[in-house]
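Enquirer: Right, I'll just put the structure down here and ask away after.
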Amino acid sequence: MSMMTGERAAADTRAARREARLAIEEFNAEYCAVLDDGDLMDWPDFFTAEAFYNITSRENFDHGRPVGLVYCEGRAMLRDRALAIAKTSMFGPRYLRHYMANTRVTGIEPGGTICATVNYILIETLAELPEGRLHQAGRMIDRFEPQPGGGLLLSSRIAVYDTLLVPNALVLPV
Amino acid sequence: MSWHPSIPAAEVREKGAVAVEADGLRLALFALEGEIFATANICTHAFALLTEGHVEGGCVECPLHQGLFDIRTGKAQGAPVTKDLATYAVKVEDGTVWIDTEPRAGAEAEAPAFAGAGQGPDPRRVVILGGGQAGAEAARALRAEGFAGPVTLVGAEAHAPYERPPLSKDLLLGRTTLAEAEVFEPGEAERLGTVLRLGLRATAIDRAARQVALEDGTALGYDILILATGAEARRLALPGAETVTLHSLRDAGDAQRLGPALRAASRVAVIGGGFIGLEIASAARALGRDVAVIEAQDRLLKRLLPEGPAELLAWVAGENGVALHLGAAVAGVSPEGVALADGRLVAADCIVIGAGAVPGDALGRAAGLETATAGGILVNARGATSDPAIYAIGDVAVARDEISGAETRMESWQNARASALRAACAIAGTPLPAPETPWFWSDLFGGTLQIAGLPAPDLPTVRRDGDAPAFYCLDAASRVTACIEFGDPELLRLGRRLIASGQPVDPARLADPDTDLSLIEEDDMKMLPIEKRFTWPASGLDRVPDWVYTSREIYDREIERIFHGPTWNYVGLAAEVPEPGDYIRTNVGPTPVVMVRDHDGGINVVENRCSHRAAEFCRELRGNAEEFVCPYHQWSYDLKGNLSGVPFRRGVNGEGGMGPDFDPANHGVRKLKVTQRNGAVFASFSEEVESFEDYMGAEMLADFDTVFPGRKLRVLGHYRHTLMGNWKLYPENLKDPYHATLLHTFLVTFGLLVAGNKSAMIVDPRGRHSTMASAKSDGATVSAENKAEMRAYRDGMVLEDPRLMEFVEEFDSPWSVTMQVVWPGLIVQREMNTLGVRQIVPNGPNEFTMVWTMFGYEDDDEEMTRHRLRQGNLMGPAGFLGLEDNEAIKFVQDGMLNSTGGEHLVALDPKVPAGTSNTLISEAAIRAMYRHWRQEMGL
Ligand SMILES: Cc1cc2nc3c(=O)[nH]c(=O)nc-3n(C[C@H](O)[C@H](O)[C@H](O)COP(=O)(O)OP(=O)(O)OC[C@H]3O[C@@H](n4cnc5c(N)ncnc54)[C@H](O)[C@@H]3O)c2cc1C
Ligand code: FES
Ligand SMILES: [Fe+2]
């Protein structure tokens, strides 16, 4: 019995949360793989057409200030960002590696939306900084939509970083 | 080879320098680190024996004019000597020095030939107008600096270029000839490939056509023109002038007339007691004539020299039999002589006017070049006039200091040469030599007077008596700025060192003949003052040296003079502290402060440093408090920063506690001066700072008020990031419109900014604040030609969600984008509808933190707020444009830190020396910023 059949109200049970967590972990592993080693142009496909995406500091989030380092409304805007970064932006060569852990499903809404949080860290390695450094540490506040054909898409991802001081620039999404 | 024995080697080693004669040659033997060298003993500049000079660092300095030669190679080390010294092989046999009197092939033979210039001919045609000393030296220096293009020199005088000093000296006495004074060696002009067109006057300059009209009716095209038209003797309109021959002395023709006239005369009257007048008087005395010098001022050289040396000169002239008439106005001239205004007659059968020279600036003036109020063509440090294609050198040029604005015109042999070299370097693209200490000499009554530095009549002057007296001018800080010497060149040599060291000296010790001047230096001059250690590149504002961005000492001075000086520093928005007790932690420069609203509704800015033990007491980024309590010993402060409580102030049981003189009123935290403008809060460490409105000026204030119109602000949030660069690179980036279309491909791709867009780079009159502005246009309007110029342009990319770039007209402004720098540390951003301020917090020379506060207006509707937030994707640490600037700034600092030291080139748009330009392909705003910075920094 799958929680992904839309007709009936989804049950927010312990088992359902566990199942959801597994799905989210799989989702995030793929998500990170695209950002770390894949094609940035594939990144918007992790989101629904109307998705909201925001990267903001804990300082802003805690005080209800809406600004974001990245602030996107809808997949089209995410695609524009991917395109702009991939095709027009100038920045020094680097590797970025994303780690997501401590996945928590905080609720499953009657419509099936899974609310979850996950901690993340972003390690940045620059040509002139081959030892790498912590670029961000924070948590994602997510809403996942189960898809008719199986799988999940993000309808909202808010990345809230504790590391208030961004080292120079954040070139790729988290 | 022709070996000749001379003296014992031991004698040379003992004395260091010995004059010998061998094979009819006057030779000098020098011992350097035990090894013996032989050179010619006569200076190549003037007649003087080098063995009487000073040996230091392997060089001998001529005692007469301080020409310097390398003893080992004979190489001339710079002005005033230009010709190398012959050197001779030596060997020591049985303790005796043997000399081969056939000179070694010296550096002379390697004189750079035109063909040797290397990279093939330069397409630029250089035309030099004026065939005097400066013009000829320029022709020579251009080749020495590697310029390989065609050079034509046009001179009105028929004679080959010559130096003028002998005209009033040995030439008048028949002791030398004009040929001896020629600048070029025989055949040199041909070797240099300089086309000489002598006896031909230029009549006009057509700057648009880049052509010079010549008196023979032809025209000469140029790419670069050098004005070296010198000066002319000042004429005086004297009653009776038509009844006599009035002589003056500027050129060879004058000298050829004056020489015989002096010989034929019995009484000579010289009108004007300047150097040339005195030299003529001196020559006339040497010929045994009666001589009177008539000077309108009450003393000699009143505009040039302080009283001491001028009086010494007057005394020397008197001792040599010259009758001086000081403070004497001339009423007229006649065959009897010169009638003075007081009725006296100075009998004379030869009258010479020595009333100084006026710059020959007519051609440049008629062509519309900028001129100085006192005459002469204005030039910058490189010798360029207000037209970057035209340089001016020598007597006609007036150098305007880019920082102080002071205008200086020098008439001297050294300046003719040095200014020619500077212009040649600028034209050839080689580094400009560091400026030399000005130097001038005059041969008077058998002695030589020399001046080093720039004396002024009103400077305090110290007299010191050596073999002969010397005078040292001091500035307000008691530093030696000039030295005037008349007979003891050693004192001048030491004077130059004092000038170079820039250390204050004790006037009494300086005056005392028993103080060893070289010891004054050793005692007191361990550390050169900052302005001597950090000297700006000689080229001027078109270069910025790396130390501006990388030196800790410079950084510390910036904190003191700029951030803690009379500037307004943005600290926050009033909207961040709406209620009494609301506070934020912020900074003024690097210094942590707290901005807090008190119960009267006022906003206070206080240093975040406990007055007890310096603890940074406020730890939260923001909050609300009734008072501030330092966590360490619980001292408490009210919202205005007053000390309100000291635990156990009176001790316990009458023991301990503060003494009876402790007054809490004296121990509040440091309060800064605060001002607000429509919701933006600024603080200053300086009590003297002008009002914010005056600080900004009307034009800048208008741009500021567009973003801060007085509407209530709604804070949308902050970004904080560190940039790995010097803090000034950020304001510079926003004064660098050149980068916008080149670095920010995004802007160009999506038509936000394209070359040819309506745009402006506006700088306030003082050069510190600025606004970079542009108006949005359609990508479609970029011409093919402009696209080709911008590597960055990519066609065929469109945004899937164009809302990002939508511009909702909300401001009464012709600009859709304004980026304003409010010096020193604030940037006001209006990127279409995304608004924000960026505060620079420097963390040392190589890093700064940037704090962004993004905002909208309280009456924005929900959709407008979202629009601002969406458009925020352009800016900030992850913004399409923002991240590129951050990276570029890091790259610049990396370049400075990792590669060899040097300087930046900010030379775009030379027509605008510094300030507002109407092209974006300009670095004039960066130059304006550094003009201001250097004024503030005193560097
Ligand atoms: C008599 C005398 C004694 C001096 N003694 C000393 C001294 O002892 N120590 C010292 O340091 N300095 C001395 N000076 C100063 C020094 O000689 C000058 O500073 C120096 O000559 C300046 O060189 P210049 O090339 O700029 O000008 P000039 O030497 O004056 O040359 C300018 C040339 O340009 C030509 N010219 C002008 N207009 C035109 C035109 N339209 N077309 C073509 N050609 C033109 C003129 O005919 C002239 O030949 C003395 C100067 C004089 C006159
Ligand atoms: S092109 Fe300007 S810094 Fe290199
Ligand atoms: Fe930029």
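Enquirer: Would segment B:706-723 turn up any residue that is assigned to a helix (DSSP H, G or I), more than 16 Å from ligand 1 (Cβ to nearest atom), buried (at least 19 other Cβ atoms within 10 Å of the Cβ) and not hydroxyl-bearing (S, T, Y)?
Expert: Yes, segment B:706-723 contains at least one residue that is assigned to a helix (DSSP H, G or I), more than 16 Å from ligand 1 (Cβ to nearest atom), buried (at least 19 other Cβ atoms within 10 Å of the Cβ) and not hydroxyl-bearing (S, T, Y).
Enquirer: Given (1) surrounded by fewer than 23 Cβ atoms within 10 Å (Cβ to Cβ); (2) modelled with pLDDT of 95 or more; (3) on the phi > 0 side of the Ramachandran plot, where does B:S412 come up short, assuming only one miss?
Expert: Checking B:S412 against (1) surrounded by fewer than 23 Cβ atoms within 10 Å (Cβ to Cβ); (2) modelled with pLDDT of 95 or more; (3) on the phi > 0 side of the Ramachandran plot, the one that fails is (3).
Enquirer: I'd like the full set of residues that are within 14 Å of chain A (Cβ to nearest Cβ) and free of Cβ contacts under 8 Å to residues at least 24 places away in the same chain, limited to segment B:700-722.
Expert: Result: no residue meets the conditions.
Enquirer: Is it true that some residue in segment A:17-26 is within 11 Å of chain B (Cβ to nearest Cβ) and crowded, with 20+ Cβ neighbours inside 10 Å?
Expert: No: zero hits.
Enquirer: Sticking with this structure for a sec: Scan segment B:189-243 for residues that are among the acidic types (D, E), away from ligand 1 (no atom under 16 Å from the Cβ) and without any contact (Cβ under 8 Å) to a residue 60 or more places away in the chain and jot them down.
Expert: B:E190, B:E242
Enquirer: Taking segment B:724-740 as the search range and keeping residues that are of a type in the set (A, V, I, L, M) and not in a loop (DSSP other than H, G, I, E, B), which one is nearest to ligand 3 (Cβ to nearest atom)?
Expert: The qualifying residue nearest to ligand 3 (Cβ to nearest atom) is B:A740.
Enquirer: Looking at (1) within 14 Å of chain A (Cβ to nearest Cβ); (2) buried (at least 18 other Cβ atoms within 10 Å of the Cβ), which is the one condition that is false for B:P578?
Expert: (2)
Enquirer: Can you name the condition, by its number, that B:R868 falls short on among (1) within 16 Å of ligand 2 (Cβ to nearest atom); (2) not in a loop (DSSP other than H, G, I, E, B)?
Expert: (1)
Enquirer: Another question, then. Can you tell which of B:A374, B:A355 is in contact (Cβ under 8 Å) with a residue 60 or more places away in the chain, assigned to a loop (DSSP other than H, G, I, E, B), closer than 25 Å to B:E232 by Cβ and hydrophobic (A, V, I, L, M, F, W, C)?
Expert: Going through B:A374, B:A355 in turn, the sole match is B:A355.
Enquirer: A:D62 versus (1) of a type in the set (D, E, K, R); (2) within 8 Å of chain B (Cβ to nearest Cβ); (3) out of contact with any strand residue (DSSP E or B) (no Cβ under 8 Å at 6 or more places or on another chain): which is the lone unmet condition?
Expert: (2)
Enquirer: Restricting to segment A:116-149, and then to whatever is of a type in the set (G, A, S) and in contact with a helix residue (DSSP H, G or I) (Cβ under 9 Å, 6 or more places away or on another chain), can you tell me which residue is surrounded by the fewest Cβ atoms within 10 Å (Cβ to Cβ)?
Expert: For segment A:116-149, the residue satisfying everything is A:G138.
Enquirer: Given the conditions (1) modelled with pLDDT of 90 or more; (2) exposed (fewer than 14 other Cβ atoms within 10 Å of the Cβ), and given that B:M1 satisfies all but one, which numbered condition is not satisfied?
Expert: Failed condition: (1).
Enquirer: Now, a different point. When you scan segment B:467-483, do you find a residue that is among the aromatic types (F, W, Y), away from ligand 1 (no atom under 16 Å from the Cβ) and either within 23 Å of B:E52 (Cα to Cα) or assigned to a helix (DSSP H, G or I) (or both), even just one?
Expert: Checked segment B:467-483: at least one residue is among the aromatic types (F, W, Y), away from ligand 1 (no atom under 16 Å from the Cβ) and either within 23 Å of B:E52 (Cα to Cα) or assigned to a helix (DSSP H, G or I) (or both).
Enquirer: With the requirement that a residue be under 15 Å from B:M819 (Cβ atoms) and either without any contact (Cβ under 8 Å) to a residue 40 or more places away in the chain or more than 7 Å from chain A (Cβ to nearest Cβ) (or both), what does segment B:873-887 give you?
Expert: Residues satisfying the conditions are B:L874, B:M875, B:G879, B:L881, B:G882, B:D885.
Enquirer: Something else now. Cβ-Cβ under 6 Å, sequence separation 6+ or interchain: first residue in segment B:726-739 and among the polar types (S, T, N, Q), partner away from ligand 3 (no atom under 11 Å from the Cβ). Which pairs?
Expert: Cβ pairs passing all conditions: B:N726/B:Y549; B:N726/B:P845.
Enquirer: Also, quick follow-up: Quick one: count up the residues across segment B:326-336 that are surrounded by 18 or more Cβ atoms within 10 Å (Cβ to Cβ) and assigned to a loop (DSSP other than H, G, I, E, B).
Expert: 1
Conditions (1) under 17 Å from B:N569 (Cβ atoms); (2) touching a Phe, Trp or Tyr at 6+ places or on another chain (Cβ under 7 Å), marked per residue:
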| position | (1), (2) |
| --- | --- |
| B:R622 | no, yes |
| B:Y632 | no, no |
| B:M658 | no, no |
| B:P664 | no, no |
| B:G679 | yes, yes |
| B:A683 | yes, no |
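Enquirer: Another one. Restricting attention to segment B:874-907, and to residues there that are surrounded by fewer than 17 Cβ atoms within 10 Å (Cβ to Cβ) and assigned to a loop (DSSP other than H, G, I, E, B), which single residue is nearest to the chain's Cα centre (by Cα)?
Expert: B:A907
Enquirer: Spot the failing condition for B:E732; the list is (1) within 23 Å of B:S551 (Cα to Cα); (2) crowded, with 23+ Cβ neighbours inside 10 Å; (3) within 11 Å of another protein chain (Cβ to nearest Cβ); (4) out of contact with any Pro (no Cβ under 7 Å at 6 or more places or on another chain), and only one is missed.
Expert: For B:E732, the failing item is (3).
Enquirer: Now for a different question. Given the conditions (1) within 14 Å of chain B (Cβ to nearest Cβ); (2) surrounded by fewer than 17 Cβ atoms within 10 Å (Cβ to Cβ), and given that A:R97 satisfies all but one, which numbered condition is not satisfied?
Expert: Going through (1) within 14 Å of chain B (Cβ to nearest Cβ); (2) surrounded by fewer than 17 Cβ atoms within 10 Å (Cβ to Cβ) one by one, A:R97 breaks only (1).
Enquirer: For segment A:116-174, what are the residues that are over 23 Å from B:G876 (Cα atoms), of a type outside the set (A, V, I, L, M, F, W, C) and in contact with a strand residue (DSSP E or B) (Cβ under 7 Å, 6 or more places away or on another chain)?
Expert: A:T117, A:N119, A:D142, A:R143, A:E145, A:P146, A:Q147, A:S155
Enquirer: Specify which of the listed residues (B:A339, B:A348, B:A362, B:A372) is surrounded by fewer than 18 Cβ atoms within 10 Å (Cβ to Cβ) and modelled with pLDDT of 95 or more.
Expert: Step by step, each of B:A339, B:A348, B:A362, B:A372 is checked, and only B:A362 is surrounded by fewer than 18 Cβ atoms within 10 Å (Cβ to Cβ) and modelled with pLDDT of 95 or more.
Enquirer: Across segment B:268-299, what is the number of residues that are surrounded by fewer than 24 Cβ atoms within 10 Å (Cβ to Cβ), touching a helix residue (DSSP H, G or I) at 6+ places or on another chain (Cβ under 6 Å) and closer than 20 Å to B:K169 by Cβ?
Expert: Qualifying residue count, segment B:268-299: 2.
Enquirer: A further question on this structure: Quick one: in segment B:56-74, of everything that is farther than 22 Å from B:Q133 by Cβ, of a type outside the set (S, T, Y) and modelled with pLDDT of 90 or more, which residue is surrounded by the most Cβ atoms within 10 Å (Cβ to Cβ)?
Expert: Ranking the candidates gives B:V60 first.
Enquirer: Okay, next question. Give the residue, chosen from B:V828, B:V837, B:V821, B:V841, that is out of contact with any helix residue (DSSP H, G or I) (no Cβ under 7 Å at 6 or more places or on another chain), in a strand (DSSP E or B), more than 23 Å from A:R81 (Cα to Cα) and away from chain A (no Cβ under 11 Å).
Expert: On inspection, the qualifying residue turns out to be B:V837.
The values are calculated or read from the model by the stated rules, or taken from the named source; none is laboratory data. Here the structure is a predicted model, which means the values were calculated and not measured. Note that we place each Cβ from the backbone using ideal geometry, even for glycine, and neighbour counts take in every protein chain shown.
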